[in-house]
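**Q** Once you've had a glance at the structure underneath, I'll fire off some questions.
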Amino acid sequence: MDLPQEFLTRMEALLGEEFPSFLNSYGETRRYGLRVNTLKISVEEFRKLAPFHLTPIPWIENGFFYEKEDAPSRHPFYYAGLYYLQEPSAMTPAQVLPVRPGERVLDLCAAPGGKATALAAKLAGEGLLVANDISASRAKALLKNLELFGVENAFVTNEIPVKLAAQYPEFFDKILVDAPCSGEGMFRKDIANARAWSLAKVHECAKTQKEIALQAVSMLRPGGTMLYSTCTFSPEEDEQVIAYILRQCPEMELLPIPMAEGFEKGRPELADEDLANREELTRCVRLFPHKMPGEGHFMALLRKGENEAFSHCSEPENDGRRRDKDGNTENRDGSVSFSNAVLGQARIDKKNRKERKSRKDRAGGRQGHQRAAALTSNAANGEGTELVAAFLTEQNQMEYLQNLELRGDRAYYVPELLGTSEGTGGIRFLRNGLYLGEIKKDRFEPSQAFAMALCPKEGVKVVDFDFSDERVARYLRGETFDVEDMQMDKTNGWRLVCVNGYPLGWGRLTGSTLKNKYHPGWRIQ
């Protein structure tokens, strides 16, 4: 593998006599992992059901290595959301963060959703998950993965950290900051990252990481816990960022992370010289590919003190240059350096400016629907509620009416902790709660997201196939087919299409024909 020489020089200085072993690891075959979705299926049941060659990942309670020839991304169980395909080391941060059902949890840099889906499974449908990503396109991928997993209690946002911090001061019990980084730990997995690497990128990432981390700390409640992680080896992005947090936020303390075979302690000598209690940094964890069956990662678990005598985070360091209230820095030549994490990346703002203006001008857009919900007449709401209630009654799922919110012609199940769409403080979001479906004229059409959340639910009318049935693949391609041979209620109407008891999507039964209602954007080619 052709790696940048400057990177290799830095790694040799970092690892010393271990460097040859580290370099040899790039010639080894990387390991593949999947994480079981315990929202839908237990680990034990999955092992009985899945036709894969599975070996437990020792440090991940619901994680497994699989063989490349298993091709789990092509299996119907993948489309049923029974697991997430994720690099084994990347599973570790969500495993380490001690999330409990009922808590308020923030995944600040969440796309594409590997860690967010793991946190959602830990919440077990209780509490609140705010999953955010600054990129609109990546946030869409995040939303799809949460829907695939059947998550009902998520608020999926597309916002810059400073705006979230203004809306949620000291609000969250747990926060995961899987910070954007130079990606050194993933070079074996993605050679494109290696080609794009530079020391300038390392320093720019470190700057952004510090700004993001301070915003995250401000959203953490006293007594709450934050997990900072990267997939890089550079001290500037790892120990030095943690040292910066400890200096700027004296209310934060490092907690020990349970060690597993191959885990390495943090390196205090890599931090800044003026940090008091540098040995505390040994509580961080480094993962190296020559030490364990995974790629490179770094983690630090921090707790916010409850002592009122602690001061809050001080202003970010800026080498004596004046920093305004938005985090921008006035340089000595009179120019201004803008803070990416505080104001958002300029190119993203420019790309979204017209879209935001368009959303304000038309009530028919996604957020237009959300804001227009308050303008919907009581009569229309009543009629819409009746249509939704009729469908939920037919499917024996009336509990979803308890927290029903109609936004225009769309119906959502919004758990109380999420609040209504009108109470989001101007935060840009893609989804608040579970999208149930759409009211079209005199009927209600259930959504793909609702189908994926109905697992396991009793009373739903289903048509259930074994994964070996060729009609499963036909369904996933969007085809309509005959089900005359199936032993089931043949009454016309909506059916939840399942594979081995786990939902794939909706179909509409007419006689012996199952009309395909699988989401067009999810169909396989």
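The values are calculated or read from the model by the stated rules, or taken from the named source; none is laboratory data. In this text, all values refer to a predicted model and were calculated from it rather than measured experimentally. Heads up, the Cβs are rebuilt from the backbone with ideal geometry, glycines too, and the neighbour counts pull from every protein chain shown. For accessibility, only protein heavy atoms count, side chains too; no ligands or nucleic acids. Shrake-Rupley method; radii C 1.70, N 1.55, O 1.52, S 1.80 Å.
**Q** In this structure, does V130 turn out to be in a strand (DSSP E or B) and either surrounded by fewer than 24 Cβ atoms within 10 Å (Cβ to Cβ) or under 11 Å from the mean Cα position of the chain (by Cα) (or both)?
**A** yes
**Q** What about P112, is it open to solvent by 10 Å² or more (accessible area, probe 1.4 Å) and not in a strand (DSSP E or B)?
**A** Answer is yes for this residue.
**Q** Another question, if that's okay. Restricting to the range 358-405, name every residue that is open to solvent by 40 Å² or more (accessible area, probe 1.4 Å), at pLDDT 90 or above and outside any helix (DSSP H, G or I).
**A** Selection gives N396, Q402, L404.
**Q** In addition: Out of all the residues in the range 7-17, is one or more open to solvent by 50 Å² or more (accessible area, probe 1.4 Å), closer than 30 Å to E236 by Cβ and among the polar types (S, T, N, Q)?
**A** Taking every residue of the range 7-17 in turn, at least one turns out to be open to solvent by 50 Å² or more (accessible area, probe 1.4 Å), closer than 30 Å to E236 by Cβ and among the polar types (S, T, N, Q).
**Q** Does M259 satisfy being over 18 Å from the mean Cα position of the chain (by Cα) and either touching a residue at least 12 places away in the same chain (Cβ under 8 Å) or in a loop (DSSP other than H, G, I, E, B) (or both)?
**A** yes
**Q** Being more than 21 Å from P289 (Cα to Cα), assigned to a helix (DSSP H, G or I) and either open to solvent by 10 Å² or more (accessible area, probe 1.4 Å) or among the charged types (D, E, K, R) (or both): is that true of Y78 here?
**A** yes
**Q** Working carefully through the options R474, R508, find the one that is without any contact (Cβ under 8 Å) to a residue 24 or more places away in the chain, closer than 25 Å to T393 by Cβ and either surrounded by 13 or more Cβ atoms within 10 Å (Cβ to Cβ) or β-branched (V, I, T) (or both).
**A** R508
**Q** Regarding I41, is this residue in contact (Cβ under 8 Å) with a residue 60 or more places away in the chain and either among the hydroxyl-bearing types (S, T, Y) or open to solvent by less than 30 Å² (accessible area, probe 1.4 Å) (or both)?
**A** yes
**Q** Which residue is most open to solvent (accessible area, probe 1.4 Å), if the candidates are limited to the range 22-38 and must be in contact with a helix residue (DSSP H, G or I) (Cβ under 7 Å, 6 or more places away or on another chain) and assigned to a loop (DSSP other than H, G, I, E, B)?
**A** Top of the filtered list is R31.
**Q** Also: So if I check each of A213, A243, which one is over 20 Å from P289 (Cβ atoms), out of contact with any strand residue (DSSP E or B) (no Cβ under 8 Å at 6 or more places or on another chain) and open to solvent by less than 10 Å² (accessible area, probe 1.4 Å)?
**A** The unique qualifying residue is A243.
**Q** Could you pull out the residue among F481, F429, F444, F465 that is farther than 20 Å from R523 by Cα, among the aromatic types (F, W, Y), over 25 Å from the mean Cα position of the chain (by Cα) and open to solvent by less than 40 Å² (accessible area, probe 1.4 Å)?
**A** F444
**Q** Would you mind telling me which numbered condition in (1) more than 23 Å from P88 (Cβ to Cβ); (2) in a loop (DSSP other than H, G, I, E, B); (3) open to solvent by less than 10 Å² (accessible area, probe 1.4 Å) E237 fails?
**A** (1)
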